[in-house]
Each structure stands twice: as C-alpha cells, then as structure tokens.
Amino acid sequence: MSEKLVNLIADLQEEEALATARQLIEGGTDPMAILERCREATEIVGKRFEQGQYFIPDLLMSGEILQEISELAKSRMKKGITTGYAGKVVMGTVEGDLHDIGKNIVAFFMEANDFQVFDLGVDVTPEKFVEKIREVQPDVVGMSGLLTVAFKAMKETVDAIKEAGLREQVKIMIGGAPTNEQVANSVGADAYAKDAQHGIELAKHWVTSC
Amino acid sequence: MGKEELFQERFNRYTTALKGGKPDKVPIRLQLSEFMAAYAGITLQDIYYDLDKNIAAVDKILADFDMDVIGGTPSLWWAGQHDAVGAKYLKFAGRELEENRQFQYVEDEYMLADDYDAFIADPTKWILESYLPRIHEEFAEPGSYRANLALIKGTAAMMMSTGASQQAGAHWAKDFGMPLSIAGFSKAPFDTLGDTLRGLKGIMMDLRKRPDKVLAATEVLVAHNIFYGMATSGGDTSLPAFMPLHRGSYPFLNPKQWDTFYWPSLKAVIEGMWKLGKQTLFYAEGNWTPYLEKIAELPDHSIVFHVDQTDMAKAKAVLGGRFCLSGNVPNTLLAYGKPGEVKEYVKRLLNDYAADGAFIIDSAGVMQADVKAENIAALIEAAREFGTY
C-alpha cells in the first residue's frame, strides 16, 4: 500500500493520497517510512517537471499534498526523535526583490530531499543572511532573484558573508530567470543552478564532497 | 529639421513597422523605466512622489538619446494617489522603503476562493464593496465618512496624474518631436484574476479545485478588459495598447491548461479590441515559444509580438510576415555587459530578424535603475548603424 501512496502523490491525487496516508498511519506504519515515501514521490514529480510533463500548478499541488501528509506523519512521530538531515541550507530572495515562486519551489524540493531548510523569505538583507548563517552554520546558502537589480544585492550579500569571516564555511548558489554562470562568477557565488533539480544536485554534491 | 517634422518622421517610422511594413530605419523603442531616474540623477522617491520630476527625468533622456518613441515616465504610478486611499499592497521609496529602492507589490490572496460567485455575478460591485476595503486602509469601512472622503481624494488624484501624463505627452511631442509608443493598457483576463486578485498560488490551485469558476470569471472579464483598453487610450487607434502578459509564460501552465484557461479569453480581448481598430502590444514576458502556433491564430497585425525569452528564430518563422516583432536585447547584458557586447548582439539581431521590416528594437524586459548609460548609447548607435534599410 505504501507503494500506492507514492504513485498517488506523484499523480497528484490529493484526496486518495491523504486517505491512504491516514490508513497507513492508523495501521501502524512508521511515520518515518511515510515521510520517505513522500520523498520518493517528490523525486518523481521533479523528474516529470524536468521532462516537461508537469508544470508550475502541478508543483504547487504536490507541495500542498506533501505538506498535508507530512503534518499528519509528524503529528504521530515520537517527540525527541530528530531525523538525520542530508545538510543545512539557508535561502532567501535577496534585498530589493520580492519574487519567490522559484525560491519556494527550490526550498520545497530541498526539504523533500532531506535538507533542513531555513527559508528567510523575500527582500532579505545581507545582514539577515549573515545572522542566520552564523546561527545555524549551514552547508549551503541559496540566493534567489528575478530582477537584474538583485545581482548587486547578491554581490553585497556575498561580500557581507566574506566580511563576517563565514565565506569558507559555506557553498553559495544563485538562481532566478536572469541569472547565469557569468552572474554567479561576478557576484562571487560558487555556482548557478538553472532549476530546482539542478540546485538539489549541486547541494548534494557539495555536502557529500565536503 | 523642425520638431513637427521630426515627430512625423518618427511616428511614420514606428507605425509603418507596427503595421508590418519596412520603414527607412528600424524603430528604436526602449522600456527605460526607472533607469531614466538614475540617469537624470533623481531619487526613486522623487520619481514616485513628484509628478514634475517624474516627467523631468524623461526630458533629460530625450535630450541625450536618439530614440523614435517613448513609453512614458519612469514611474508607472503616482504614489501620492495610492497614499490618498491607503493602499496596503504597494510599498514605495520614501514611505516603507529607502529613497532609492524600486517600488514593491505585495502579492497575496486578496480575493478568496469563496468570493468567486459574487465576483462572477457582478465584478464591479464586488470590487467596490469587498476588494477595495480589503486592500486600502481608507476604505476599511465602506460608506463611512473616511471612506467617502478617500473616494473623492483618490478620484482627484487619479485625474491629476492622468492630466499630468497627457500634458507630458504633448510636451514631448512639441519640444522634442517625440511620439509615444503606446496608448492605453489592458490585460489577459487570466492575469487580471491571477495577478492581483487570487495571486499565483490561489489561481494555480483553482485550476484543479474549481476550474469552472476560473473559466466563468475569465469570461466575465473579457468585455471589461476590452473596455479598459479602449477607455485608457481615450479611443486612440493609432498606437497599440500595452498588454504585459504574465501567467501564460512557459512553464506556468501545461499546454492543455493554457489552451483551456489562458488563451480563449485573451484571444477574445485581443480580437474585441482589433474589431474596434485597436492593436495590442503583446508584451510576452518570459518564454512563450510553445504557444507560438496558437498565437498565430490571431488576425494579421492585431498584435505586435514582443520577444523576451521566447525563441526569436521560432517567433520569426511562425509569426513573421503577419505580425511585427519587437525585442530583445537582454537586460542582464544591458546592466552587466560591455558596450562592445551590446553592439555585437544588436548587430546580429538586426541582421537575422529585421531585414524585411516589421521589426522594432527594444530591451527584452522592462529596464531597471541598474542599466548602464554607455550600454544604452551602444544599443542606439548599433541600431542606427546596422538598422538603416
């Protein structure tokens, strides 16, 4: 039945997926196993998006289903058990920019891939990035922007991270429609992620090779 | 050459291309926006709040750069007008933001899923009674003394800013021989619903949860958006209405959703305006490559297709000959590239796509304050060098 759950989520069958998840939990399935199924389903959703089968509404829909199921599963988990994270990511849309669709999708996929995500939201100042990096010691920092004016803010953020003496501790990726490798170089980031899937591959690669 | 003659020459150059013809030179139309403020050395706060400075920034650009048309002032809106009614969904430099920060639109689900029926039954009534009070502090209590006063203040402010824009247009024509690039404004019904009413997440969920309501609402908006395009242009049919297009860009919707929810009502608005003689500037923000074949269903010359990240070669192959194309010097290049790179891009663009006319050179998207003046100069220089027929 848990195989069925993966397919229901991946096919975006909200009600059936929720009902199945509930049945599994009530039947005594380990909530952690359910969360693992969610992760598998996200992988399928991500592949379908990459292949042009799924579009933005489908990603948002899968996000909604997964949120409902993971809340259900987490409410049944014994307190004190923390899941083993693949790594920590601090991310946000940089100062002066409010576009967050792309950033939210990346955050969602990162979480689904076992990263612990600290999403700072939109219009995030360099100081807020630095403060959070100091606090949670992430492996990866993700900066997003849809406007070209965001490039300046990205550079200022990287500079602020350097000044705080934290640059060597983190890998930095940037993303957003007008960004590219050249922008990543000029703002001082480590890489440019062309989409969510690519961003996750980068983060996984960084975490395992560190 | 006298200013009147100059105006006529530029106007003919631009409108010849709009109609699919081959003018003497490729017309230059640049969406310079907030860059004009930066270039004129005026803060964004002043641009948003001081109508005279907003217009003065354009004067400085027109004195220094050789273009064929101008799209208007750096600020889209007069912030004072929004302050008069207490707009909660906008943030401006000098009020919520520091003096040189670009304005911000705060997206939210201002229209709820439960509002669909009331909206569909009578959109104007719903907007006045439910929507305006939600997004404006001054309208919080409809019918109150404060709300009534705000309606008067808002209307007066709207007339002041519209009046100032009209006078500015006349001043640019008379003193600089410069025509406007657009007259009026409209939107795709799906964007009207998705941009400022339901918000992105709201409308994307609606496609699955209440598709019939989305369809009914977009259908209701068709007549409104045709009227809006004609009303905001004061009935002018010599210039296109500006239509910034958002949620129809790839990959927001899958092809079936695009065909069902986005396209029929947008097509109806464009065809409705075209029946009245009004052309649409189809400002296709993002990538529209997968939808070009559908767009080609429109009547010849009913739109000018603007290319941002759409594949220009495919746009030319599918739409060329029947519609004028415009675009697409990348904003990243204009802000971060070198003049030589800009010149090279323009040369290739004109060489590949402008040879038979029906082409207008422009940036890919609306520019911001970070664009470099020397790159604008390089764009214009190259457009004149390689864009003279």
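Does at least one position in the range A:45-52 carry a residue that is assigned to a helix (DSSP H, G or I), buried (at least 17 other Cβ atoms within 10 Å of the Cβ) and away from chain B (no Cβ under 11 Å)? Yes: one or more hits. Of all residues in the range B:231-247, one or more are under 27 Å from A:GLN51 (Cβ atoms) and modelled with pLDDT of 95 or more. Applying the set (1) free of Cβ contacts under 8 Å to residues at least 24 places away in the same chain; (2) closer than 22 Å to B:ILE182 by Cβ; (3) within 14 Å of chain A (Cβ to nearest Cβ) to B:GLU341 leaves exactly one unmet item: (2). Scanning for something within 11 Å of another protein chain (Cβ to nearest Cβ) and closer than 24 Å to B:PRO330 by Cβ, does the range A:157-169 turn up at least one residue? For the range A:157-169, residues within 11 Å of another protein chain (Cβ to nearest Cβ) and closer than 24 Å to B:PRO330 by Cβ: absent. Across the range A:121-131, the number of residues qualifying as crowded, with 19+ Cβ neighbours inside 10 Å and charged (D, E, K, R) comes to 1. For the range B:4-16, the count of residues that are on the phi > 0 side of the Ramachandran plot and in contact (Cβ under 8 Å) with a residue 12 or more places away in the chain is zero.
Would you check if A:THR29 is of a type outside the set (A, V, I, L, M), at pLDDT 90 or above and more than 24 Å from B:ASP206 (Cβ to Cβ)?
Details: of a type outside the set (A, V, I, L, M): yes; at pLDDT 90 or above: no; more than 24 Å from B:ASP206 (Cβ to Cβ): yes.
Taking the combined requirement at face value, the residue does not satisfy it.
Residues that are of a type in the set (A, V, I, L, M, F, W, C) and under 9 Å from B:VAL85 (Cα atoms) within the range B:136-148 comprise B:PHE139, B:ALA147, listed in sequence order. For the range B:198-243, a tally of residues being under 25 Å from B:PHE305 (Cβ atoms), more than 14 Å from chain A (Cβ to nearest Cβ) and in contact (Cβ under 8 Å) with a residue 60 or more places away in the chain returns 6.
For the range A:133-154, a residue qualifies if it is of a type in the set (Lys, Arg) and surrounded by fewer than 18 Cβ atoms within 10 Å (Cβ to Cβ), and exactly one does: A:ARG134. The criterion of at least 2 residues that are farther than 25 Å from A:CYS38 by Cα is met by the following helices (runs of 4 or more DSSP H) wholly inside the range A:94-210: A:126-136, A:149-163, A:181-187. Among the conditions (1) touching a Gly at 6+ places or on another chain (Cβ under 8 Å); (2) of a type in the set (A, V, I, L, M, F, W, C); (3) touching a residue at least 60 places away in the same chain (Cβ under 8 Å), the only one that A:VAL122 does not satisfy is (3). Residues in the range B:300-313 that are over 12 Å from B:GLN279 (Cβ atoms) and surrounded by fewer than 16 Cβ atoms within 10 Å (Cβ to Cβ): B:ASP311, B:ALA313.
Note on the range B:276-335: residues that are within 14 Å of chain A (Cβ to nearest Cβ), within 24 Å of B:ILE226 (Cβ to Cβ) and aliphatic (A, V, I, L, M) amount to 1.
Look at B:TYR131 and say whether it is part of a loop (DSSP other than H, G, I, E, B) and either among the β-branched types (Val, Ile, Thr) or at pLDDT 95 or above (or both).
Against the criterion (part of a loop (DSSP other than H, G, I, E, B) and either among the β-branched types (Val, Ile, Thr) or at pLDDT 95 or above (or both)), B:TYR131 does not qualify.
A quick yes/no check of all residues on (1) within 27 Å of A:ILE105 (Cβ to Cβ); (2) in contact with a Ser or Thr (Cβ under 9 Å, 6 or more places away or on another chain):
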| position | (1), (2) |
| --- | --- |
| B:GLN167 | no, no |
| B:HIS171 | no, no |
| B:ASP191 | yes, no |
| B:GLY194 | yes, no |
| B:LEU200 | yes, no |
| B:ARG210 | yes, no |
| B:THR237 | no, no |
| B:PRO240 | no, yes |
| B:GLY248 | yes, no |
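When A:SER144 is tested against (1) closer than 18 Å to A:GLU111 by Cα; (2) out of contact with any Lys or Arg (no Cβ under 6 Å at 6 or more places or on another chain); (3) more than 14 Å from chain B (Cβ to nearest Cβ), just one condition goes unmet, and that condition is (2). Of the set (1) more than 14 Å from chain A (Cβ to nearest Cβ); (2) closer than 24 Å to B:GLY229 by Cα; (3) surrounded by fewer than 16 Cβ atoms within 10 Å (Cβ to Cβ); (4) not basic (Lys, Arg), all apply to B:GLY154 but (3).
The values are calculated or read from the model by the stated rules, or taken from the named source; none is laboratory data. On a predicted model such as this, the values are computed, not experimentally measured, just so you know. A quick note on method: Cβ atoms are made from the backbone with ideal geometry, for glycine too, and the neighbour counts reach across all protein chains shown.
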